[in-house]
1. When only DSSP loop residues count, what GluC sites (Glu not before Pro) in segment 1-56 have their Cβ near at most 15 other Cβ atoms within 10 Å?
2. Go ahead and set up a Gaussian network model of the chain, Cα springs under 10 Å, then flag whichever of ALA84, ALA57, ALA21 fluctuates most.
3. For helix 41-51, what angle does its Cα long axis make with the longest principal axis of the chain, in degrees from 0 to 90 and rounded to 10?
4. If you build a Gaussian network model of the chain, linking Cα atoms that sit under 10 Å apart, which residue out of VAL44, VAL29, VAL79 swings the most?
5. Would you mind checking the tilt of helix 2-20 against the longest principal axis of the Cα atoms of the chain, expressed as 0 to 90 degrees and rounded to 10?
6. Show the residues, 5+ positions off or on another chain, whose built amide H is closer than 5 Å to the amide H of ALA57.
7. Where in segment 6-109 are there chymotrypsin sites (Phe, Trp or Tyr not before Pro) that are in a DSSP coil and have at most 15 other Cβ atoms within 10 angstrom of their Cβ?
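Rule-based calculations on the coordinates, nothing more; no lab input. This structure is a prediction, so every number in the text was calculated from the model and none was measured. Heads up, the Cβs are rebuilt from the backbone with ideal geometry, glycines too, and the neighbour counts pull from every protein chain shown.
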Amino acid sequence: MHEFAVTRSLVDQVLESSRQASAWRVTAVRVRVGRSSGIVPESVEFYFSQLTRGTAAEGAKLDFEAIDLRIRCPKCGRVFGDFAELCDCNAGGEVLAGQDIVLESIDVD
Ligand SMILES: [Zn+2]
């Protein structure tokens, strides 16, 4: 169900962008998916095709780019690729990227 919610918000963003561009049709959608997001691209594709039926984005091609996890220590500012590698500051980690899905761009006609 997680994918349904994220895909719906993705579709909202895509349609909003296409409206702003006065686009006739969306041909391709590029998204960045964090490797640690737990999001399954196949599920997003499935919901995307359902949710865009009858819209300007129907039939648009989805392009996924996998993004590595990046965590920054708020104390020393070092950046890590895994929670297990965090420094000894014990300040917790601030996730910079890799845990969500982000709309990068769309191609329109
Ligand atoms: Zn640190």
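1. Hits after loop and neighbour filter: nothing returned.
2. Judging by the Gaussian network model, the answer is ALA84.
3. Taking Cα atoms only, the helix is inclined about 40 degrees.
4. Of VAL44, VAL29, VAL79, the most mobile in the Gaussian network model is VAL79.
5. Approximately 60 degrees, to the nearest ten.
6. For ALA57, the qualifying residues are VAL26.
7. Answer by residue number: TRP24.
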